[in-house]
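Accompanying notes for the structure given below.
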Amino acid sequence: MELSNLEFTQLLALKSEVEAEIKRREFEEKSKAKKQIIELARTHGLSMEEVLGKISSTRKPVEVKYRHPSNPELTWTGRGRKPLWIQEWVNNGKTLGALEV
């Protein structure tokens, strides 16, 4: 097929057909690979959880390291930028260690 001999509308139609075929084949290839992976895992007596490892979508919250002595609602984990109250504390010559929980 000589592409230069096709009209513009024919090229657009061909492009659409090619894109649809690529999507179809991609789906087939992924399905085939998925079946092979599952079969290989079964052959070796592995569950999918064992193959993929423990998947956890929740993280444990970071524990508070510092707490304001007169206002216990003001806390800081020690990560990220220092809160203003921490910066003021240090600027007044006090130690960060005095705020440790």
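Readers should treat all values here as calculations from the given coordinates under stated rules, not as data from a laboratory. Every value quoted in this text rests on a predicted model; they were computed, and no experiment measured them. Cβ sites come from the backbone with ideal geometry, for glycine too, and all protein chains shown count toward neighbours.
Please say if the chain is rounded, prolate or oblate, where rounded means a/c under 1.5 for a ≥ b ≥ c the square roots of the C-alpha gyration tensor eigenvalues, and otherwise the choice is prolate for a/b larger than b/c and oblate otherwise? Please report the intermediate quantities before stating the final value.
On the way: a/c = 6.85, a/b = 2.16, b/c = 3.18.
Since a/c reaches 1.5 but b/c is at least a/b, the shape of the chain is classed as oblate.
Where a Cα-Cα gap under 29 Å defines reach, which lysines qualify for residue 35, not counting those fewer than 8 residues away within the same chain?
Excluding near neighbours in sequence, the set is 23, 54.
List the aspartates and glutamates whose alpha-carbon lies under 14 Å from that of residue 65, not counting same-chain residues fewer than 8 positions away?
List returned: 73, 100.
Where does the range 3-52 land on Rg/Rh, using Cα atoms and the Kirkwood Rh? Don't skip to the end; give the middle numbers.
Working: Rg = 19.2 Å, Rh = 13.7 Å.
Using only Cα positions, Rg/Rh for the range 3-52 is 1.41.
Helix-only estimate, please: 222 nm mean residue ellipticity of the chain, summing -39500 (n - 2.57) across DSSP H runs of length 4 or more and dividing by its residues, to the nearest 500.
Details: 3 runs with 49 residues, N = 101.
Computed mean residue ellipticity for the chain: -16000 deg cm²/dmol.
Set Lys and Arg Cβ to +1 and Asp and Glu Cβ to -1, take the dipole of the chain about its Cα centre, and tell me which of 93, 77, 8 lies farthest positive.
Farthest towards the positive pole: 93.
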